[in-house]
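Asks: Mind having a look at this structure? Questions to follow.
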Amino acid sequence: MDVDFIFKIAAIGIIVTVLHQLLVRSGREEQAMLTSLAGLVVVLLMIVNAISDLFVTVKNLFGL
Amino acid sequence: MDVTKVLAICLIAAALAVLLKQQRAEYALLISLAAGVIVLIYIISGVYSPLLSLKQRLDETGADYSFFTVALKALGIGYITSFIADSCRDCGESSLASKAELAGKFGIFILSVPLILDILETALLFL
């Protein structure tokens, strides 16, 4: 849970962008849309876990 | 609580967000959200020990410090609300951001109502 978490997300973003361009250029728009959607879902799941950790720590600290 | 570490993380995340903003705008938001989460968790872990020692000291005095717990809860709500509202404003959703801030304000107000009642009662005693 540190800088490498940010680098992981940035790496997924770059890979998805490249894949999207690749698939669009080769005429497969649907697959391109699906891959970018899949990348988005993966990153969202990672971030949701991180945000739930944040909310748990805030609840414990501030006694909410 | 190493401030330089927080600044470095924010700078790196900002650079990566700008990099990804042209092709994929949603990843810029996700990177800024992830950086925000990391920085907030780091800050909270820094605040934890001084706050606990403060609480123990208040326990020792034996005074009723309900005001302190209410202030702490208000601080927590404000902390989270500003984080979420700024993230919403980041991706252009200013109406959502104002809704989040409104919810935070009401949450804090509801927290402070018992305190207000206490103050009123003590004030009425003097009249």
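Asks: Taking the residues in the range B:8-51 that are open to solvent by 70 Å² or more (accessible area, probe 1.4 Å) and of a type in the set (A, V, I, L, M) as candidates, determine which candidate is nearest to the other protein chains (Cβ to nearest Cβ).
Replies: Ranking the qualifying residues of the range B:8-51, first place goes to B:Leu19.
Asks: Filter the range B:102-127 for residues that are in contact with a helix residue (DSSP H, G or I) (Cβ under 9 Å, 6 or more places away or on another chain) and either without any contact (Cβ under 8 Å) to a residue 12 or more places away in the chain or not β-branched (Val, Ile, Thr) (or both) and give the result.
Replies: B:Ala103, B:Gly104, B:Lys105, B:Gly107, B:Leu111, B:Ser112, B:Pro114, B:Leu115, B:Asp118, listed by residue number.
Asks: Starting from residues that are more than 7 Å from chain B (Cβ to nearest Cβ) and touching a residue at least 24 places away in the same chain (Cβ under 8 Å), keep the ones in the range A:17-57 and report whichever is surrounded by the most Cβ atoms within 10 Å (Cβ to Cβ).
Replies: Result: A:Gly39.
Asks: Right, next: For the list (1) part of a helix (DSSP H, G or I); (2) free of Cβ contacts under 8 Å to residues at least 40 places away in the same chain, I need the number of the one condition that B:Ala63 fails.
Replies: Just one mismatch for B:Ala63, condition (1).
Asks: Kindly establish whether B:Leu58 is more than 14 Å from chain A (Cβ to nearest Cβ), out of contact with any Leu (no Cβ under 7 Å at 6 or more places or on another chain) and over 30 Å from B:Ala28 (Cβ atoms).
Replies: So B:Leu58 does not fit the description; no.
Asks: Could you tell me whether A:Ala10 is facing chain B (nearest Cβ under 10 Å) and open to solvent by less than 40 Å² (accessible area, probe 1.4 Å)?
Replies: yes
The values are calculated or read from the model by the stated rules, or taken from the named source; none is laboratory data. Predicted, not measured: the structure shown is a model, and the values here were computed from it. As a convention, Cβ positions derive from the backbone with ideal geometry for all residues, glycine included, and neighbour counts pool all protein chains shown. Heads up: the accessible areas ignore ligands, DNA and RNA and are worked out on the full protein's heavy atoms, side chains in. Shrake-Rupley method; radii C 1.70, N 1.55, O 1.52, S 1.80 Å.
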